[in-house]
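Asks: My questions all concern the structure below.
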Amino acid sequence: MGVQWRSLDVPGMDRLQGAGVYYGGGTTEALSCKDETVYVVGGANSAGQAAMHFSKYAAKVVMLIRGASLTATMSYYLIEQIEKTPNIEVCSRSVVAGVFGEQRLECISVQNTETGEMRQLPASSLFIFIGAQPRTEWLDGVVMRDKLGFVLSGPDLLIDGKRPKSWTLERDPSLLETSVPGIFAVGDVRHGSVKRVASGVGEGAVVVQFIHQYLAKV
């Protein structure tokens, strides 16, 4: 089922996606941003990890976060790393209000959510890390999901050591098993998953063993 990455609904975004505006970002993009000022939107771990990676190549990395600080959304170890990296700047209470350019990104509008102040900043690379929406609406009432819609599995189903009410077997759910015995979840759609292709493929290979174990006892 996978996920749909959350998008920024601001003027110019659709037209410039792939031409300076990107959702996510890896090694290839980081190399292409050498000696530039890179803007990263988001304050969770994925944004922090990206900022650290871009900082090795870019002249400067500017993180635009909606909140007052990173403490509520990012792991402490990453916050420490960012604070110790001189070419990373964190701009709190800041949102992208628009992106502009003819053939590719040329500048962005950044608004301070507290004061309403609007700034026009030259920019050629904007990377967006604002989470993903799992495509699990059709599973409503079938298997347990977290508040964001990701499917719960394995140990995440146990609350205070107790199995979910829908669980009918004497054993605990297997590592990738959902709240319904015999239904398994792998990849991006699973709560706590690492949003990488290799991780999804690995979980898909591992789950075969659990399926065989389940079928052997049905």
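Asks: Against the longest principal axis of the chain, how steep is helix 197-216, in degrees 0 to 90 to the nearest 10, with axes from Cα atoms?
Replies: 10
Asks: Give the percent of DSSP beta bridges with both residues in the chain that are antiparallel, rounded to the nearest 5.
Replies: Numbers: 17 of 34 bridges.
Roughly 50 percent of the beta bridges in the chain run antiparallel, per DSSP.
Asks: Which distance in Å, rounded to a whole number, links the C-alpha centroids of the range 169-218 and the range 1-78?
Replies: 31
Asks: Output the Kirkwood hydrodynamic radius of the chain, Cα pairs only, in Å rounded to one decimal. All intermediate terms of the calculation are to be shown ahead of the outcome.
Replies: Details: mean 1/r = 0.0515 Å⁻¹.
It is 19.4 Å.
Asks: Further question: Strictly over 31 Å apart at the Cα level, which of K84/K147; K84/K195; K34/K195; K56/K147; K60/K147 would you flag in this model? Walk me through the intermediate numbers first.
Replies: Values: K84/K147 34 Å; K84/K195 26 Å; K34/K195 25 Å; K56/K147 35 Å; K60/K147 35 Å.
Cα-Cα > 31 Å for K84/K147; K56/K147; K60/K147; rest within.
Asks: Moving to a separate point now. I need the GluC sites (Glu not before Pro) found in the range 88-168, filtered to DSSP loop residues with at most 11 other beta carbons within 10 Å of theirs.
Replies: Working: sites: E89, E102, E106, E114, E117, E137; in loops: E102, E106, E114, E117.
For GluC sites (Glu not before Pro) across the range 88-168 that sit outside H, G, I, E and B with at most 11 neighbouring Cβ atoms in 10 Å, the list reads E102, E114, E117.
Asks: With each run of n ≥ 4 DSSP H residues scored as -39500 (n - 2.57), what mean residue ellipticity at 222 nm is computed for the chain after dividing by its residue count and rounding to the nearest 500 deg cm²/dmol? If you can, show how the numbers build up before the last one.
Replies: Details: 5 runs with 48 residues, N = 218.
Counting only the DSSP helices, I get -6500 deg cm²/dmol.
Asks: What ranking, highest mean first, results for peptides 139-149, 175-185 when packing means the other Cβ atoms within 10 Å averaged over each residue?
Replies: Values: 139-149: 14.5, 175-185: 19.8.
The most tightly packed comes first, giving 175-185, 139-149.
Asks: Where the only charges are on Cβ atoms (+1 Lys, Arg; -1 Asp, Glu), what is the dipole of the chain about its Cα centre, to the nearest 20 debye? Write out the running numbers ahead of the final one.
Replies: Working: 21 positive and 22 negative charges, 69 e Å.
My answer is approximately 320 debye.
Asks: A further question follows. I want to verify a result. In a Gaussian network model of the chain, Cα cutoff 10 Å, which of these has the top mean-square fluctuation: E170, E203, E29?
Replies: Taking springs between Cα atoms under 10 Å, the residue moving most is E170.
Asks: If one puts a single equal scatterer on every Cα of the range 136-216 and applies the Debye formula without solvent, what log₁₀ I(q)/I(0) results at q = 0.17, 0.18 Å⁻¹?
Replies: The computed values of log10 I(q)/I(0) come out as -0.65, -0.72.
Asks: Which ³J(HN,Hα) values in Hz, rounded to whole numbers, follow from the phi angles of the range 46-60 under the Karplus curve 6.51 cos²θ - 1.76 cosθ + 1.60, where θ = phi - 60° and Gly and Pro get x?
Replies: 4, 5, x, 5, 5, 4, 4, 5, 5, 4, 6, 10, 6, 5, 8
A short reminder: the numbers here are calculations on the coordinates, not readings from a lab. Values in this document were obtained by computation on a predicted structure and should not be read as measured data. Methodologically, a virtual Cβ is constructed for each residue, glycine included, from the backbone with ideal geometry; neighbour enumeration extends over all protein chains shown.
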